[in-house]
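Here the structure comes first, spelled out in structure tokens, and everything after it is commentary.
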Amino acid sequence: MSGTEKSKAHAEQAKGKVKETVGRAVGNERMTAEGQADQTKGNARQAKEDIKDIFRR
């Protein structure tokens, strides 16, 4: 996995987790949903890079 894409994926996942946690703490359903969406985008980015790594071998 390229370093920058790996970093972006982890940053997106972390940002999403924080948003989700804060949203749940304050009872904001929209923020919770946005956090879950950010985590999903990070997971998708990471999966894409993992697949690219498999085909490079």
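Give me the angle, in degrees from 0 to 90, between the Cα long axis of helix 29-56 and the longest principal axis of the Cα atoms of the chain, rounded to the nearest 10.
It works out to around 10 degrees.
As a test of understanding, state the convex hull volume per residue of the chain from its alpha carbons, in Å³.
Once divided by residue count, the hull of the chain is 45 Å³.
Rounded to the nearest 10 degrees, what's the angle between the helix 3-26 long axis and the longest principal axis of the chain, both from Cα atoms, 0 to 90?
Tilt of helix 3-26: around 20 degrees.
Just to confirm, what accessible area per residue do you get for the chain at 1.4 Å probe, in whole Å²?
Ligands and nucleic acids excluded, the result is 71 Å² per residue.
For the chain, which whole-number percentage of the solvent-accessible area (1.4 Å probe, protein heavy atoms only) is attributable to carbon and sulfur atoms?
The nonpolar share, carbon plus sulfur, comes to 56 percent.
The values are calculated or read from the model by the stated rules, or taken from the named source; none is laboratory data. For clarity, every value in this text was computed on a predicted model and none was experimentally measured. Keep in mind that these areas ignore ligands, DNA and RNA; they rest on the heavy atoms of the full protein, side chains included. Shrake-Rupley method; radii C 1.70, N 1.55, O 1.52, S 1.80 Å.
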